[in-house]
2 protein chains.
Amino acid sequence: MRILITNDDGVTSIGLLTLAKVLCKEHNVLVVAPESEQSATGHAITVRRPIWVKKVEVVEDFPVYATTGTPADCVKIGVEVLAQKAVDLIISGINFGHNLGTDVIYSGTVSGALEGALLGIPALAVSAPAEKDYNYYYAALFIDTFIRDFDFDILEQFTALNMNFPSGSVRGWKAAKQSTRRYADRFEARIDPSGNTYYWMYGDVVEDDPIDDCDYNVIKKGYVSVTPITVFMNNEKVLMKLKEVQNEENKTSWRSSSEKESKRD
Amino acid sequence: MRILITNDDGVTSIGLLTLAKVLCKEHNVLVVAPESEQSATGHAITVRRPIWVKKVEVVEDFPVYATTGTPADCVKIGVEVLAQKAVDLIISGINFGHNLGTDVIYSGTVSGALEGALLGIPALAVSAPAEKDYNYYYAALFIDTFIRDFDFDILEQFTALNMNFPSGSVRGWKAAKQSTRRYADRFEARIDPSGNTYYWMYGDVVEDDPIDDCDYNVIKKGYVSVTPITVFMNNEKVLMKLKEVQNEENKTSWRSSSEKESKRD
């Protein structure tokens with residue numbers, strides 16, 4: 001396969017390079033990643049300024065490009081410009097730190113995979129525990145086997161996979177639902193030498209999801225969690241409720257703003 | 001109501017200030033917004049560096065704070081620190097430019113509202129056409145009426161509303177589904193004075209959604225589109241398919257990575 005690898009930890013990340021080294025033995029690997037760390041960038045893209053792209057001589061086995069863009073930019077420019085669309089699979093990672101629950105909306109790693117899904121290319125985001133001695137080599141071997149065995153045709157359009165590795169050894173992989181895992185934010189105020197107030201933001205994890213097969217429960221049991229995620233954030237149930245009230249609202253509300261200028265009607 | 005207003009165009013944006021001026025007549029308004037433009041930041045948050053917060057004397061009718069953070073940061077710090085949780089509604093906007101279809105995953109405006117949903121507070125993202133002479137005042141009046149009439153109790157937890165205004169006058173509002181609207185990216189390569197290659201990214205809109213009540217079709221008919229969006233990106237259908245293959249995969253695949261180190265079993 002022709003595999004484009006990106007991440008949000010930057011082009012020199014050990015998780016990314018270990019994955020690329022393992023996969024390049026059987027696959028055609030191209031690395032396009034941010035030149036510096038982009039954690040918690042969300043699904044940002046670079047607009048109103050250009051993106052620099054530089055070939056980096058990190059290793060000899062596969063081409064590596066560093067960009068001034070985000071993970072989503074790297075996927076766009078990697079697929080469209082550098083690979084001229086010749087990409088069969090996109091992998092974003094291996095990230096230092098999990099992307100579970102509501103973290104996926106903040107995650108640069110996940111956004112790299114979602115960008116692939118938007119381009120119609122099978123895509124996988126991969127995250128490992130934030131452990132300094134984490135064995136990325138075994139995770140990379142697991143991914144190598146997974147992508148060989150997995151039938152990416154079962155994914156729908158605009159859908160990517162979000163994979164998280166457990167701590168320690170791996171018992172296998174399980175389909176997992178994105179959980180409600182989130183943070184209770186805390187702020188610490190400080191004063192800088194010029195007298196201005198600034199805040200450090202940190203937080204405590206809240207894990208209160210009752211579902212047994214949600215992402216964090218799956219990895220706690222020693223399995224790799226695999227969560228199918230989509231770019232569509234529709235809440236269908238609320239949409240049905242809104243349709244019930246929309247007409248009534250229209251009868252009474254719209255005049256307040258549109259009766260004063262009636263270009264259209 | 002106690003209303004926190006943020007945006008991604010920055011604290012001096014006319015869309016934000018017009019909305020705040022209209023709403024402060026009947027409501028307790030607090031503005032917390034980025035000090036500079038943050039468009040296409042996605043749902044970024046600021047980690048590993050602190051956030052500066054400064055009170056700005058823009059107008060006298062309501063307090064305005066500018067921060068070095070993203071829209072999501074502004075909501076977190078606005079709710080937790082500045083308002084001490086005393087917020088009944090969060091509005092992000094009025095943005096210069098629509099946030100339709102798959103754009104919602106790139107949108108700083110939408111992320112401000114989703115952050116509210118994560119905090120359990122009713123939240124609304126509002127975007128207007130990218131028109132220089134757009135009448136934000138009428139849009140603000142429409143929003144004023146909408147939030148007075150709308151029963152935010154019908155929203156579920158972790159769900160916010162994404163509202164987009166049409167060009168010209170408004171016929172009312174309609175519940176709308178997030179569409180597949182996206183961009184076909186194009187890149188223009190240039191060489192900087194130092195000989196480095198950089199790329200301008202731009203794109204052509206792709207509108208191919210067959211659904212009549214999707215966001216862009218609703219605004220084309222002159223209605224304000226109101227789309228309930230959630231932080232959960234699960235693709236439930238693909239999740240069911242994954243559950244069917246997960247066990248088979250486990251039988252064959254897991255040994256390749258975990259038999260070499262068996263700490264857990």
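Data for the structure
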quantity: Exposed-site-free run, longest, chain A (rule: GluC sites (Glu not before Pro); DSSP loop; at most 14 other C-beta within 10 Å); calculated: A:61-130
quantity: Percentage relative contact order, the stretch A:158-207, counting C-alpha pairs under 8 Å, at least six apart; calculated: 32
quantity: Fraction of accessible area attributable to carbon and sulfur, the stretch A:70-181 (%, probe 1.4 Å); calculated: 44
quantity: Global geometry of the protein assembly as shown, whether rounded, prolate or oblate, following the gyration tensor of its Cα atoms and the 1.5 cut on a/c; calculated: prolate
quantity: Label 7 Å beyond Cα on the Cβ vector: residue B:153 copy-to-copy distances, nm; calculated: 5.1
quantity: Long pairs among B:85/B:177; A:243/B:237; A:21/A:54; B:21/B:54; A:55/A:177; A:25/A:55, criterion Cα-Cα beyond 26 Å; calculated: B:85/B:177; A:55/A:177
quantity: Check: chain A dipole with +1 on Lys, Arg Cβ and -1 on Asp, Glu Cβ, in debye; calculated: 480
quantity: Per-residue HN-Hα couplings for the stretch B:55-63 [Karplus 6.51, -1.76, 1.60; θ = phi - 60°; Hz; x = Gly/Pro]; calculated: 6, 10, 8, 8, 9, 9, 7, 7, x
quantity: Value of [θ]222 nm, deg cm²/dmol, for chain B, DSSP H segments ≥ 4, -39500 (n - 2.57) each, nearest 500; calculated: -8000 deg cm²/dmol
quantity: Accessible-area ranking of B:201, B:240, B:163, largest first, probe 1.4 Å; calculated: B:240, B:201, B:163
quantity: Gyration tensor verdict on the stretch B:1-126 (Cα atoms; rounded if a/c is under 1.5, prolate if a/b is larger than b/c, oblate otherwise); calculated: rounded
quantity: Built amide H within the under 5 Å cut-off of residue B:125, gap 5+; calculated: B:92, B:161, B:162, B:163
quantity: Probe 1.4 Å, accessible area per residue of the protein assembly as shown, Å²; calculated: 40
quantity: From phi via Karplus (6.51, -1.76, 1.60), per-residue ³J(HN,Hα) for the stretch B:134-146 in Hz, x at Gly/Pro; calculated: 4, 8, 5, 5, 5, 4, 5, 5, 4, 4, 4, 5, 4
quantity: Sequence-separation-based contact order of the stretch A:78-129, relative, with Cα cut under 8 Å and 6+ spacing, percent; calculated: 46
quantity: Lys/Arg +1, Asp/Glu -1 at C-beta; the protein assembly as shown dipole; positive extreme among B:166, B:191, B:176; calculated: B:191
quantity: Spatially proximal aspartates and glutamates relative to residue B:76 (Cα-Cα < 17 Å; intrachain offsets below 8 disregarded); calculated: A:103, A:185, A:188, A:204, B:8, B:35, B:88, B:115
quantity: Gaussian network model of chain A, springs between alpha carbon atoms under 10 Å - residue of A:21, A:177, A:54 with greatest fluctuation; calculated: A:54
quantity: Inter-copy separations for residue A:88, label at 7 Å along Cα-Cβ, nm, ascending; calculated: 5.9
quantity: Gyration tensor (alpha-carbon) shape descriptor, the stretch A:69-194, a/c threshold 1.5; calculated: oblate
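The values are calculated or read from the model by the stated rules, or taken from the named source; none is laboratory data. Please read all numbers here as calculations on a predicted model, not as lab measurements. Quick reminder, even Gly has a Cβ in these numbers, built from the backbone with ideal geometry, and neighbours come from all protein chains shown. Remember, those area values only see protein heavy atoms, side chains included, never the ligands or the DNA or RNA. Shrake-Rupley method; radii C 1.70, N 1.55, O 1.52, S 1.80 Å.
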